[in-house]
Structures are given as structure tokens and as C-alpha cells.
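> Pasting in a structure now, in C-alpha cells, and then I'll have a few things to ask.
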Amino acid sequence: MYYISKITSTLRVAPNRFDEDLTSILLELARDSLEERIFEELGFIVAVLDAEGVSTGRLISGDAGGFYNCDFTVLSYLPERGEVIEGQVKELIDFGAFIRVSTIEALCHVSQMADDFFTYHQGQEKLVGKKSDKAIFIDDVVRGKIVVVGVQRNAMRVGVSMRQAGMGKLEWIEEWKEEVMGESA
């Protein structure tokens, strides 16, 4: 899920920038230091949107820079268990597929692809179901449900399952819909 949050951070402004607009400098510094980083409580910081509430600066002995507290509005992505996602397959390996979900990559283990046993065909860059002969390729768009989320300092691990009805490669979902509609007619 995407969230907009307020955070407070203390940033150092170099003395050669004291004559510039302080809020603009702090916004630039926050973007450089916070964007594209992972924080346990916030998730992946996508963007720093705004800066406000700049405090009076402090000086520290031996450092010519000024230190300012400032409130920042940030846009972050923090995946949640049970969240249904769509993403693009970016990499295939013998034990699963890495799927681009928003700003992160999630793993769908071969045991979670469908009610089938999938094997990796290295030369052809695909995962193929033994019973169904269904195949997943790089760049396929898939739908899944997040089943595991682990967020640690600068690392996020996300596991996805596509075994439930209405999940999997978009083509499979359309086939499933036709089967369900055909049965109910």
C-alpha cells in the first residue's frame, strides 16, 4: 500500500549554502538522503513531497555547517500481507519468478505459482507447469497475493502466491473467468 506520512529529520546545511532558500535546500537534501531507501516503519520511500516547519539551526563545535530540524511529507510503499498486486515478471530462476511490484521486487516460489509443479527451462527463459503446460516468461504480467513481508534496515523481502482462484498470469485469469461463467450459465 502507498502511504503519505510526515517525518522529522535533522539535516546538515553546508556553510557555502547559507545564502540560499533554506526550505529548498532542506527539501533537496532530504530527497538525496531519503528517497529510494527502506525504513522498517515506513517501507520504501518513493518521494519526498514537501518540507515545512524548519527549526532554528544549531551549530556544533568543529563543524562549520548548520543543523536544522524539518518536517517532511513523504510518499512510501509498504506492502501488506493479503494485498492483491499486479506486477511484471522481471527474472526467472529455478525456484521461482521475481515480479516487479511498484518499487520493489517480490518472489513467487514455484510452489506458489498454481496447483501444478513448475520447472525452469534455462535456455528458453521460462517456467512451465508439468500437468497444465502453462508457461511464465519474462515480461508477463501476473496477479498475486502478498503472503510474506519482511522489512529490515535497507532490505525488504516480499513473497507472493498465485495459487488462489483469480490469480496468476493474466491470460490464466481470463481462462478461469470463462470457465466459471460457462459453468454458471
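> State to the nearest 20 debye the size of the charge dipole of the chain about its Cα centre, where the only charges are +1 on K and R beta carbons and -1 on D and E beta carbons.
540
> If each residue of separation counts as 0.36 nm, what is the full-extension length gain between residue 124 and residue 83 once their alpha-carbon separation is subtracted? Provide the component values of the computation, followed by the final result.
Numbers: separation 41, 0.36 × 41 = 14.76 nm, distance 3.13 nm.
So the chain would gain 11.6 nm between residue 124 and residue 83.
> Select from 136, 107, 148 the residue farthest towards the positive end of the dipole of segment 84-184; place +1 on Cβ of Lys and Arg, -1 on Cβ of Asp and Glu, and compute about the Cα centre.
Among 136, 107, 148, the one farthest towards the positive end of the dipole of segment 84-184 is 148.
> Can I ask one more? With a 10 Å Cβ neighbour count serving as the proxy for reagent exposure, in which order, fewest first, do 39, 137 appear?
On the way: 39 18, 137 14.
Least to most surrounded, the residues fall as 137, 39.
> Something else about it: If you project the alpha carbons of segment 84-184 onto their three principal axes, what span does each projection cover, largest first, in Å?
Dimensions of segment 84-184 along the principal axes of its Cα atoms: 49, 33, 20 Å.
> Then there's this: Roughly how big is segment 2-77's charge dipole about its Cα centre, with Cβ charges of +1 (Lys, Arg) and -1 (Asp, Glu), in debye to the nearest 20?
So the dipole magnitude of segment 2-77 works out to roughly 160 debye.
> If amide H atoms are built 1.01 Å from N in the plane of the peptide, which residues on other chains or at least 5 residues away come under 5 Å of the amide H of residue 140?
89
> So how do 94-104, 116-126, 53-63 stack up, highest first, on mean other-Cβ count within 10 Å?
94-104, 116-126, 53-63
> I've got another one for you. Which value in deg cm²/dmol, rounded to the nearest 500, describes the helix-derived mean residue ellipticity at 222 nm for the chain, given -39,500 (n - 2.57) per DSSP H run of n ≥ 4 and division by the residue count?
For the chain, the value works out to -5000 deg cm²/dmol.
> Here is a follow-up. Pairing the Cα long axis of helix 170-184 with the longest principal axis of the chain, what angle in degrees results, from 0 to 90 and rounded to the nearest 10?
Once rounded, one gets 50 degrees.
> Grab the eigenvalues of the alpha-carbon gyration tensor for segment 2-77, scale each by 5, take roots, and send me the semi-axes largest first in whole angstrom.
So the equivalent ellipsoid measures 24, 12, 10 Å along its semi-axes.
> Once you have the Cα-Cα distance between residue 164 and residue 181, take 0.36 nm times their residue separation minus that, and quote the gain in nm to one decimal.
Computed gain between residue 164 and residue 181 is 4.4 nm.
> Which loop-located GluC sites (Glu not before Pro) does segment 32-96 contain, where loop means any DSSP state but H, G, I, E or B and the Cβ has at most 13 other Cβ atoms within 10 Å? The partial results should precede the final answer.
On the way: sites: 35, 36, 40, 41, 52, 80, 83, 86, 91; in loops: 35, 36, 40, 41, 80, 83.
Passing sites in segment 32-96 are 36, 40, 41, 80.
> Rounded to the nearest Å, what's the spacing between the alpha carbon centres of segment 101-117 and segment 119-139? Just the number, please.
Centre-to-centre (Cα) distance: 13 Å.
> Calculate how steeply helix 22-34 sits against the longest principal axis of the alpha-carbon atoms of the chain, using the helix alpha-carbon long axis, and give the answer as 0 to 90 degrees to the nearest 10.
Around 40 degrees separate the two axes.
> Along each principal axis of its Cα atoms, how long is the chain end to end? Whole angstroms, biggest number first, please.
72, 41, 23
> A further question on this structure: For residue 47 and residue 19 in the same chain, what is the full-extension length gain: residue separation times 0.36 nm, less their Cα-Cα distance, in nm?
Values: separation 28, 0.36 × 28 = 10.08 nm, distance 2.59 nm.
Extra length available between residue 47 and residue 19 comes to 7.5 nm.
> So what is the relative contact order for the chain, in percent, with contacts set as C-alpha pairs under 8 Å and at least six apart?
Once divided by the residue count of the chain, the mean separation gives 19 percent.
Here, each number is a calculation from the coordinates, and none is a lab measurement. As the structure is a prediction and not an experimental result, all values here were calculated from the model. No Cβ is skipped: glycine too gets one built from the backbone with ideal geometry, and neighbour counts run over all protein chains shown.
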